[in-house]
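Trainee: Attaching a single structure in structure tokens format; questions to follow.
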Amino acid sequence: MEVNPNSQQPTGSSVVPNALGNVQRPGEYLRQIRVAQKLELKDVAAALNMPIKTLTALEQDDYKSLPEATFIKGYYRSYAKFLKTDATAIIQRFDEIYANDTGLLPNHALNNSPIKIMGKLPGSNSDRKKKWLKRIVIALVVLVLISIAVLSIQNWSANKDDATAPQTAQSDVEVLSLENANTLSGDQLVLNFNRPTSVHIVDSTGKVLATGRQTSTLTLNGESPFQIRLDDAAAVSLTLNQEPIALSPYTVNGKADFRLSR
């Protein structure tokens with residue numbers, strides 16, 4: 001016969017208690033039911049997969065030898081279920097006496113509990129947040145590097161275009177029959193441009209004096225009359241033998257195509 005110093009009833013009693021007494025402790029109450037059911041402590045421990053040391057401390061209401069209150073309540077529920085008794089009164093009585101026995105609240109967490117709180121295990125929310133933060137920082141760095149690379153390529157392309165633009169402007173127009181222009185007889189045409197436009201000029205002999213897109217001043221010598229075509233007449237000022245020629249009478253829809261003689 002087992003003897004529990006916390007027992008409030010004769011240890012030799014084999015009568016199963018009907019309910020938890022007003023002064024009876026939870027562990028003693030469960031121990032009496034076990035004894036009444038003629039169950040050995042080791043058999044109960046094996047059935048509940050619980051160490052005999054833990055089960056003994058539970059029956060003796062030795063809460064300082066047990067883990068935190070949450071687990072003790074779980075032990076009581078499992079033990080009561082195994083003995084086919086209601087755990088409600090047991091848990092209620094435990095809440096009443098636990099603080100008096102330990103000086104702690106029933107929902108405390110002991111620092112030296114054999115079962116630790118699983119709050120900082122690998123893969124916890126804190127670790128996952130750190131991993132995501134690290135990934136976000138890496139993504140931002142990659143985006144910044146890509147933006148810098150794109151801007152560098154754009155600037156390089158723009159500089160390359162600027163470097164080749166003057167050469168293109170100079171080579172885009174084809175000026176013909178200007179060799180030894182100072183010694184040529186005939187009439188002189190001077191065209192000044194305020195913006196690029198295409199021109200096509202032929203003299204009376206059929207020589208093409210200039211054709212193509214032009215941006216700078218053209219000085220041409222040939223025999224009048226001249227056949228002149230300007231894609232943007234407003235972009236050009238024209239003189240014949242140093243006499244200004246108005247282009248508006250020859251302009252239709254912004255283009256001028258006319259014959260000019262002295």
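Trainee: Being modelled with pLDDT of 90 or more, touching a helix residue (DSSP H, G or I) at 6+ places or on another chain (Cβ under 9 Å) and open to solvent by less than 40 Å² (accessible area, probe 1.4 Å) narrows it down to one of Thr219, Thr197, so name that one.
Mentor: Thr197
Trainee: Looking at (1) under 19 Å from Arg262 (Cβ atoms); (2) under 60 Å from the mean Cα position of the chain (by Cα), find the lone condition where Asn221 falls short.
Mentor: With (1) under 19 Å from Arg262 (Cβ atoms); (2) under 60 Å from the mean Cα position of the chain (by Cα) applied to Asn221, the lone miss is (2).
Trainee: Let me ask something else about it. For region 230-262, how many residues meet the condition of being under 60 Å from the mean Cα position of the chain (by Cα) and not β-branched (Val, Ile, Thr)? Before the answer, list the steps.
Mentor: We begin by selecting, within region 230-262, every residue under 60 Å from the mean Cα position of the chain (by Cα); these are 230-237, 251-256.
From the residues that got through so far, the ones that are not β-branched (Val, Ile, Thr) too are 230-235, 237, 253-256.
Matching residues across region 230-262 total 11.
Trainee: So, in region 205-259, of the ones that are in contact (Cβ under 8 Å) with a residue 40 or more places away in the chain and in a loop (DSSP other than H, G, I, E, B), which residue ends up farthest from Leu189 (Cα to Cα)?
Mentor: Thr215
Trainee: Within region 70-108, take every residue that is among the polar types (S, T, N, Q) and within 21 Å of Lys42 (Cα to Cα) and give me the one that is most open to solvent (accessible area, probe 1.4 Å).
Mentor: My answer is Ser78.
Residue-wise test of (1) farther than 30 Å from Gly74 by Cβ; (2) modelled with pLDDT of 55 or more; (3) part of a helix (DSSP H, G or I); (4) in contact with a strand residue (DSSP E or B) (Cβ under 6 Å, 6 or more places away or on another chain).
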residue: Leu121; (1), (2), (3), (4): no, no, no, no
residue: Val137; (1), (2), (3), (4): yes, yes, yes, no
residue: Gln154; (1), (2), (3), (4): yes, yes, yes, no
residue: Gln170; (1), (2), (3), (4): yes, no, yes, no
residue: Glu174; (1), (2), (3), (4): yes, yes, no, yes
residue: Asn182; (1), (2), (3), (4): yes, no, yes, no
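Trainee: For region 46-69, what are the residues that are in contact (Cβ under 8 Å) with a residue 40 or more places away in the chain and either open to solvent by 70 Å² or more (accessible area, probe 1.4 Å) or of a type in the set (D, E, K, R) (or both)?
Mentor: Listed by number, the residues that qualify are Glu59, Gln60, Asp61, Glu68.
Trainee: If you take the residues of region 184-194 that are over 23 Å from Ala234 (Cβ atoms) and open to solvent by 70 Å² or more (accessible area, probe 1.4 Å), which of them is modelled with the highest pLDDT?
Mentor: My answer is Ser185.
Trainee: Return a yes/no flag: does region 34-42 have any residue that is in contact (Cβ under 8 Å) with a residue 40 or more places away in the chain, open to solvent by less than 50 Å² (accessible area, probe 1.4 Å) and under 21 Å from Asn100 (Cβ atoms).
Mentor: no
The values are calculated or read from the model by the stated rules, or taken from the named source; none is laboratory data. All values reported here derive from a predicted model rather than from experimental measurement. Ideal geometry is used to build each Cβ from the backbone, glycine not excepted, and the neighbour counts take in all protein chains shown. In case anyone asks, the SASA skips ligands and DNA or RNA and just uses the protein heavy atoms, side chains included. Shrake-Rupley method; radii C 1.70, N 1.55, O 1.52, S 1.80 Å.
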